[in-house]
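One structure is given here, and the rest of the page talks about it.
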Amino acid sequence: MYIDSTGRHNMIISEAVFAGSSTREGQKPSLRLPEFAFIGRSNVGKSSLINMLCGNSKLAKTSSTPGKTKLINHFRINGKWYLVDLPGYGFAKISKTGREELRKMINDYVKNSREMVMMFVLIDSRYDITKIDRDFLTGLGENGVPFAIIFTKGDKLGPNALKAQVERDKRILLEDWETLPPMFTSSAQTGAGKEEILDYIQQYI
C-alpha cells in the first residue's frame, strides 16, 4: 500500500497465493478472511481481469473456451483477504446436469458465505446487459448480497462508445432498481480500472 498525493491509501497487491478449490461453501479454506467474489457470464473475461488486478498473468486460468472455471477458487491476497473466482453463469456448452451442478455451487456460496463482503458482477462492455445478467442481479438483491458491477473489455470500444454503452446499461438497470450499484469500467489489456477497483476493496479491508 502507498499513500498518493491526495492522502488516499492505494492498495498494491504484493502477494497472491492460490489457497484452494471447492465445490461447496463448507469446503473453503479454514483460514477465514474477508472475501471479494468475482462472477459473470461465460467468456466475460473474468480470469483475465483477475490476473490483471493481481499483476500475475498465470494466476487464474484463462481460456478462449467459455466455462473454464468449474470450481470455487480462493486466492489469498497480501495475507489479508481472499479474491474468490466463481464459475460463470449463463453457462457454456456443458450438459444439463453440469449446468445444474454449477448453479447449485454458485447459490450455495452466495447464500452461505458469511465472509463474503462484496460480489463483483462482470458485464461485457460491448453489449447491452442481458436478461441473464439482470436475473442474476435480481437474485443477489433478493438475498441481500452487496454487489458492484465491472464492465470488462473496455479497450474494445472507443472512449465515447464505451461511455454511451455504459449509460445505456444504466438506463436498462434502472428499470429493475431504484438506485444503481457502484460501477467500474476495466480492461485486462490496458490495466484500466485496476486502481479504482482495488481502492474500492481497500475501503473494506
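Structural remarks
- Residues (under 18 Å from ASP85 (Cβ atoms) and touching a Leu at 6+ places or on another chain (Cβ under 7 Å)) located in region 121-161: VAL121, LEU122, PHE147, ILE150, THR152
- When residues of region 87-105 are limited to those that are of a type in the set (A, V, I, L, M, F, W, C) and either closer than 29 Å to LEU157 by Cβ or surrounded by fewer than 18 Cβ atoms within 10 Å (Cβ to Cβ) (or both), the one nearest to the chain's Cα centre (by Cα): PHE91
- For ARG114: the one exception among (1) under 16 Å from the mean Cα position of the chain (by Cα); (2) exposed (fewer than 13 other Cβ atoms within 10 Å of the Cβ): (1)
- When each of ASP135, ASP124, ASP108 is tested for being under 18 Å from the mean Cα position of the chain (by Cα), surrounded by 18 or more Cβ atoms within 10 Å (Cβ to Cβ) and charged (D, E, K, R), the lone residue that passes is ASP124.
- Scanning region 156-191 for residues that are of a type in the set (Val, Ile, Thr), more than 27 Å from SER57 (Cβ to Cβ) and either surrounded by 13 or more Cβ atoms within 10 Å (Cβ to Cβ) or in contact (Cβ under 8 Å) with a residue 40 or more places away in the chain (or both) turns up just one, ILE172.
Values quoted throughout were computed directly from the atomic coordinates according to the rules given, and no laboratory measurement underlies them. If you're wondering where the values come from, they're calculated on a predicted model, not measured in any experiment. Heads up, the Cβs are rebuilt from the backbone with ideal geometry, glycines too, and the neighbour counts pull from every protein chain shown.
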